[in-house]
Every structure is written in structure tokens, then in C-alpha cells.
Amino acid sequence: MTQQAITLQDIAELHKIELAANPYPWPVSAFTSSFSALYYNFKLTLEQQIVGYVFCKIVADQAELFNICVNPYFQGKGYGKQLLQQLINDLSAKKITELWLEVRASNHIAIGLYESFGFACADIRPNYYTNAQGAEDAHIMCLYLL
């Protein structure tokens with residue numbers, strides 16, 4: 001398993017994975033707008049295949065996880081945990097003190113993963129995400145790193 005920085009040349013392949021993995025995928029524009037000195041993005045690869053990726057923004061001593069995704073071909077094998085652990089390790093090394101994220105209230109698998117790492121729900125944004133029924137809440141979660 002190799003960790004590599006994401007480049008703009010990766011976007012087409014990442015978007016294919018995003019479409020296959022998520023019922024509410026990021027548009028290409030979300031990927032392309034997530035490159036600046038504030039962003040910390042990486043992918044994990046195995047034998048030239050992208051296993052998963054992370055898009056994170058760092059401001060001062062806080063970070064926000066915008067997107068974490070595992071290629072459906074590799075799901076169920078612990079790679080989501082590996083991606084999140086790698087992100088936490090990297091942010092800790094950068095002296096980041098807090099990692100924040102938002103997650104759909106219906107995404108119980110992701111919430112369970114985050115809670116297993118010690119994330120706690122700090123707040124709820126009512127009707128934040130659109131869905132087939134109209135809208136659903138966002139859980140705002142935080143992990144204190146230091």
C-alpha cells in the first residue's frame with residue numbers, strides 16, 4: 001500500500017470511484033476546487049489501483065475532513081479505517097489539534113467508523129443534506145487529536 005498526494009490528473013479516476021461508491025457523489029468541480037496550500041489530500045494505491053482517497057482542509061490548528069472514499073472493489077477490507085488512521089497520524093504530526101467533519105445522519109456505517117476512532121457528535125444541522133425524501137440532518141463530529 002502506497003500513500004501519494006492527489007494531483008489534478010487523478011480527478012477523472014477519483015470521480016469514477018466517487019460515482020460508484022456514493023449515492024450522493026461529489027461533482028467534478030468539488031474535486032478540482034480542493035487544491036490549494038490549505039488542502040491536504042492523498043490517495044492510497046495498491047498495485048497501481050486507487051484503493052481510496054481523502055480530501056481535507058487545514059486552517060490554523062484545525063482540520064476538516066471533506067471527503068473520504070474507498071473504491072467499491074476494495075470495500076469491506078478495512079481500507080476505510082486505514083485511510084482515516086493515516087489521516088489522523090499525518091495531522092497529528094502536523095500539530096493539528098482538532099479534526100472536524102459532517103456526515104449524513106443516515107450514514108450509519110460512516111458514523112460507526114468515526115465513533116470507533118473517538119469522534120463525538122458536537123452538533124446537528126437540521127435538514128442540511130438533500131435526499132430522496134427531501135432533506136436529512138448532518139451530524140457535525142469532532143476528534144481532538146492532541
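The values are calculated or read from the model by the stated rules, or taken from the named source; none is laboratory data. Everything numeric in this text was worked out from a predicted model, so none of it was measured. Ideal geometry is used to build each Cβ from the backbone, glycine not excepted, and the neighbour counts take in all protein chains shown.
Checking the condition modelled with pLDDT of 95 or more and within 18 Å of ASN22 (Cβ to Cβ), which residue from VAL59, VAL54 passes? Talk me through it step by step, then tell me what you get.
Values: VAL59 fails: within 18 Å of ASN22 (Cβ to Cβ).
Being modelled with pLDDT of 95 or more and within 18 Å of ASN22 (Cβ to Cβ) holds for just one of VAL59, VAL54, which is VAL54.
I'm trying to understand the selection: among the residues of the stretch 27-57, which are more than 23 Å from LYS77 (Cα to Cα) and surrounded by 13 or more Cβ atoms within 10 Å (Cβ to Cβ)? Walk me through it before giving the result.
If we filter the stretch 27-57 for residues that are more than 23 Å from LYS77 (Cα to Cα), which is where we start, we get 27-40, 57.
Across the stretch 27-57, the qualifying residues are VAL28, ALA30, PHE31, SER34, PHE35, TYR39, TYR40, LYS57.
Let me spell it out: the conditions are (1) over 18 Å from ILE6 (Cβ atoms); (2) β-branched (Val, Ile, Thr); (3) in a strand (DSSP E or B); (4) modelled with pLDDT of 95 or more, and THR130 meets all of them except one. Which number is the exception?
The single condition THR130 does not satisfy is (4).
Out of all the residues in the stretch 117-129, is one or more in contact with a Ser or Thr (Cβ under 9 Å, 6 or more places away or on another chain) and either closer than 17 Å to GLN62 by Cβ or in contact (Cβ under 8 Å) with a residue 60 or more places away in the chain (or both)?
First, the residues of the stretch 117-129 that are in contact with a Ser or Thr (Cβ under 9 Å, 6 or more places away or on another chain): 129.
Next, from what is left, pick out any that are either closer than 17 Å to GLN62 by Cβ or in contact (Cβ under 8 Å) with a residue 60 or more places away in the chain (or both): 129.
Yes, the conditions are met somewhere in the stretch 117-129.
Please find, within the stretch 100-139, the residue that is farthest from GLY76 (Cα to Cα) out of those that are crowded, with 16+ Cβ neighbours inside 10 Å and among the β-branched types (Val, Ile, Thr).
VAL103
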